[in-house]
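Asker: So that we are looking at the same thing, I have put the structure below in structure tokens.
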């Protein structure tokens, strides 16, 4: 009752509370109504605007590049790998500080100036910008520790040339955007370049990608891979021997070409000085030049095949008639021509054999300028070979109207003209293969999905080889070249079991100012092929040496020999080298290779170099046997190992030693194969008969002292001992 | 005077239960990511809130059995206690506070917001003082001035925490209560003017508050911490559209929207359940207003009426202000949605308030006819609607 009273008392004085309560309720309802209208506006009417705002902030397009195509040698060895690295990007919308601060923090790690980074952040439109492509993964993890918001560290790939300097001039390299800059990388850049894709990724408010929310993926297309005609083993041999020769003969530059004279396939193309394509910027442009094709030089005596081919094709010259070589000094059209040694009467074949300039000039005079000129043109001098590399020089071959009175003589001995190494190699290949000038090839084709090789269509290629010499001329010229090696200036190029045809060359180098020739620089060269009867390999060695080593017979010919010996050993040991040819690497190589090392092929390399290169990769080495070369390796190349794993190297020596060897199994092999096997085992063969081996002594598997004479008996007995007849 | 079987307003209880269910659902979806990242348990926040709800219901069950007149008798003590707590909060050692600001008092792991207690203490004081027999609402010194002094002290202490949002809310609740109690409008205008002056002074001297206000005007540029929050809130709501993107589907909770399960839980509800969800939320609070005011109208005395109105106003004003903030109608104030936002003090104190409402309802139910009679005679349809619900 008291409660009621108090209520009434208040009502009396202050009036009823009800109207004010109702008014308050209405105020609150009005408030609610306004809010409801606002919700209706935001959620119902402006819905699409906010939805697109939402999408814009959730989604970020991360570019994803297609992997660059790989390069294989003819045995499908990887010449280049795509190595895992990272690219540093920035999602600008998530930056929690000014570009200036970002630039300052990143400058040292990215090795870029602060201004450069700041400009890059500010200049590029859109939310996403790459700050630096393809840096070491360690740099990426260091940047991650800076905790800069919006920084994206994306996996990427970059080129890694596992064979370092080997084939560097052929392969070229790429820039930080992975574009080919030189070599095959440049020439076939479009083929290697894949198609870039992107991932539309949903990110959370901290800029992190939400992995399960890849909204849309446009997968990148990987570039196509290319198979070269290059043989990594040959290339390695050429590179190593060229380096050894350059040191030995004080050559500041030089090049070696190995090609198949029957196909025009370049098996090796090495240059000195070399460079490591993994760090191209550390080398001068001169070191990165593929001298074998970019540099034209006066060939000197190696050019003499042109007048001699013309003589053999012409009826004007009787090739069995001797010519007087004036005892080393001859005045011709007011100039003195000299020979290195004085010669008297020589048959034309011996003129070439001893490389008499006087004899050549006199014979060419009888031949006439037209024949000389036409033959030079036929051999393709003065015209690019069309090799699938850029930067080839055409060389220089003067047209007759521009000849001086002395030009005919100069040209016949390889002066007043210039050639590149490859041109000359192809000219000799024409002699080796019976008269056809071939289209050289360094790229065999594209590697298709099923592993076959597709040819690359190119306007430069003329499909049909050109016949430039009659088979008779070619055969005769080959005999002359064999004589050069057997009896003449090329003796230093002789191989023990294999007949070699070749020619030395010694040329002066024109002075840079165009006045005459340098006194200190010479071009010593040797070009030859073997086996002479059925040529398989042609090697052209050019060394830019000093006066002391100027003669091709002195420096280039021995270099040829060393290369040829190693090739011969390797080739004829198919068990050691060819069976392990790796299949094209799967595409995941680059990702797996993050923590793994792919064992390179070190077979046939010098042992010390092989050991060092494996150790550089972080592998341990053990060896078996002795000798300067690596015969075989376990595990094989392409195997993935972890750092610290062991690679066993089997050594062998090219020199006879006192060691013992196992007698190889020869029965059932062809004589040729048997001879090769014996050569590897350092055994001297005594051969009776011809054809397949039917008996051997000692028996296979028995221990034999190296250098020992072993008897091989073949199917068809004959008095003729093939081995001896082949050599003499 | 204990009540054995109190009369229960089931509509009120139901709407609060539904709000709590929504609350737990969205605390879970909005906090699971953060809970997982921070504590390795996606239900971390959910569990804590469930415990608080249990505790809050305990408080509700106790309070609804205590005669509100007893509470009113105790109100000066409650008021002094809350005032002490506010002062303790300001002078307490660093380890008793949370995250730099002095909004929470953390005493040996038990964490609460003294301002929430102070708010209800003020409501009790208002109800008590404004219904004293000799109070004449027509006289400024009688009605408004004492209240203004009480409010001024409380607001000053809260603003020092600093907590501008709560200060503003407490001030508004007081104005509404004065209005309900029948204060003269020009008296109220004076009070509002003083309040605005206080706000202006605060803005002038506290750059943090100024930034907040400026951020509000800069609206949808996403600049600054607050601007970003508002932008993300609008994106949440807008992207939710009419029907929402589905329960649990919120992307905004992935670190886009700050405070997705406390102050901005409404944005996540709007994102996942759309306009239908937010309007339903609004509807539940309208139900609470209806029930609360009905209880006020039916209250047996002026104290009950003022108390019921004050509690209802406190709950609904918080809810509406929160939604006004997340829809960018009002500057960010940092206040939660009652019953829905994650947090213990607000939840327990609001359930305490509901307990009082229940008790007033119990007392009022016997006198239900009395106001109803008045309404029957009234021409006002709205009165009928209000009463009928």
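Asker: For residue B:331, which of the numbered conditions (1) over 25 Å from residue B:168 (Cα atoms); (2) more than 9 Å from chain A (Cβ to nearest Cβ); (3) at pLDDT below 95 fails to hold?
Answerer: Unmet condition: (1).
Asker: Could I ask something else about it? Considering region B:118-129 alone, what residues qualify as being surrounded by fewer than 23 Cβ atoms within 10 Å (Cβ to Cβ) and under 17 Å from residue B:343 (Cα atoms)?
Answerer: Answer for region B:118-129, where residues must be surrounded by fewer than 23 Cβ atoms within 10 Å (Cβ to Cβ) and under 17 Å from residue B:343 (Cα atoms): there is none.
Asker: Considering only region B:222-245, how many residues are more than 9 Å from chain A (Cβ to nearest Cβ), modelled with pLDDT of 90 or more and part of a helix (DSSP H, G or I)?
Answerer: Adding up the residues that qualify gives 1.
Asker: How many residues does region B:253-306 contain that are assigned to a loop (DSSP other than H, G, I, E, B), at the interface with another protein chain (Cβ under 8 Å from one of its Cβ atoms) and within 21 Å of residue B:330 (Cα to Cα)?
Answerer: Residues that pass the stated criteria total 2.
Asker: Suppose we filter A:191, A:201 for residues that are touching a strand residue (DSSP E or B) at 6+ places or on another chain (Cβ under 9 Å), surrounded by fewer than 23 Cβ atoms within 10 Å (Cβ to Cβ), touching a residue at least 40 places away in the same chain (Cβ under 8 Å) and within 14 Å of chain B (Cβ to nearest Cβ); which single one remains? Walk me through it before giving the result.
Answerer: Details: A:191 fails: within 14 Å of chain B (Cβ to nearest Cβ).
Every option except A:201 fails the conditions.
Asker: For the structure I just gave you, tell me whether residue A:499 is in a strand (DSSP E or B) and in contact with a strand residue (DSSP E or B) (Cβ under 9 Å, 6 or more places away or on another chain).
Answerer: Numbers: in a strand (DSSP E or B): no; in contact with a strand residue (DSSP E or B) (Cβ under 9 Å, 6 or more places away or on another chain): yes.
Here the answer is no, as residue A:499 does not meet what is asked.
Asker: Among B:115, B:32, which is the only one that is modelled with pLDDT under 90, within 26 Å of residue B:342 (Cβ to Cβ) and surrounded by 15 or more Cβ atoms within 10 Å (Cβ to Cβ)?
Answerer: Result: B:32 is the single residue among B:115, B:32 that is modelled with pLDDT under 90, within 26 Å of residue B:342 (Cβ to Cβ) and surrounded by 15 or more Cβ atoms within 10 Å (Cβ to Cβ).
Asker: Continuing with this model, one more query. Quick one: in region A:34-70, which of the residues that are more than 7 Å from chain B (Cβ to nearest Cβ) and in contact with a helix residue (DSSP H, G or I) (Cβ under 6 Å, 6 or more places away or on another chain) is nearest to residue A:235 (Cα to Cα)?
Answerer: This residue is A:69.
Asker: Follow-up question, since we're still on this one. Which of the residues that make up region B:148-188 are within 14 Å of chain A (Cβ to nearest Cβ) and without any contact (Cβ under 8 Å) to a residue 40 or more places away in the chain?
Answerer: Of the residues in region B:148-188, the ones within 14 Å of chain A (Cβ to nearest Cβ) are B:169, B:172-185, B:187-188.
Once the filter is applied, which keeps residues that are within 14 Å of chain A (Cβ to nearest Cβ) and without any contact (Cβ under 8 Å) to a residue 40 or more places away in the chain, region B:148-188 yields B:175, B:179, B:185.
Asker: So which strands (runs of 3 or more DSSP E) stay within region A:214-333 end to end and still have 3 or more residues that are buried (at least 21 other Cβ atoms within 10 Å of the Cβ)?
Answerer: Filter on region A:214-333 gives A:225-228, A:253-259, A:266-272.
The values are calculated or read from the model by the stated rules, or taken from the named source; none is laboratory data. No experiment lies behind these values; they were computed from the predicted model shown. For neighbour counting, all protein chains shown are included, and Cβ atoms are generated from backbone atoms with ideal geometry for every residue, glycine included.
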